[in-house]
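We did not get these values from a lab; they are worked out from the coordinates using the rules stated. If you're wondering where the values come from, they're calculated on a predicted model, not measured in any experiment. Cβ placement follows ideal geometry from the backbone for every residue including glycine, while neighbour counts extend to all protein chains displayed.
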């Protein structure tokens, strides 16, 4: 990541994922499908909302902006999704509207070979 990346430079799927994070700043996203290195929303992922008692649980301020610079964590997640190619992200823990922890389900090479037989 040598250059900053703006939201306006993202694909529709990437932008929709950023929007989801902004709408649910403390949550867990489960079962996010990835096709061709892009997040897909059919079927839609599950969103498990987390409320921090005594804290501000409102949308992130960026949610109302049409464009802004992405933080390092979001860029890293988008790069991870692109590298994944096809598969499923089991869960993404979100804190302050940013990815914190990611669990990825990958298909073993032998599984792909068995299904071709």
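Can you give me the relative contact order of the chain as a percent, contacts being Cα pairs under 8 Å and 6 or more apart? It rounds to 32 percent for the chain. How would you classify region 1-46 from its alpha-carbon gyration tensor, with a ≥ b ≥ c the square roots of the eigenvalues: rounded for a/c under 1.5, else prolate if a/b is greater than b/c, otherwise oblate? Oblate, since a/c reaches 1.5 and b/c is not below a/b. Scoring 8-21, 58-71 by mean Cβ neighbours within 10 Å over their residues and listing the highest first yields 8-21, 58-71.
Give the angle, between 0 and 90 degrees and rounded to the nearest 10, that separates the Cα long axis of helix 12-23 from the longest principal axis of the Cα atoms of the chain. Compared with the principal axis, the helix lies near 50 degrees. The slack between residue 59 and residue 46, meaning 0.36 nm per residue of separation minus the straight C-alpha distance, is 2.9 nm. Adding -39500 (n - 2.57) for every DSSP H run of four residues or longer, then dividing by how many residues the chain holds, sets the calculated 222 nm ellipticity at -8500 deg cm²/dmol. Its alpha carbons considered, region 7-116 gives a radius of gyration followed by a Dmax of 14.8, 53 Å.
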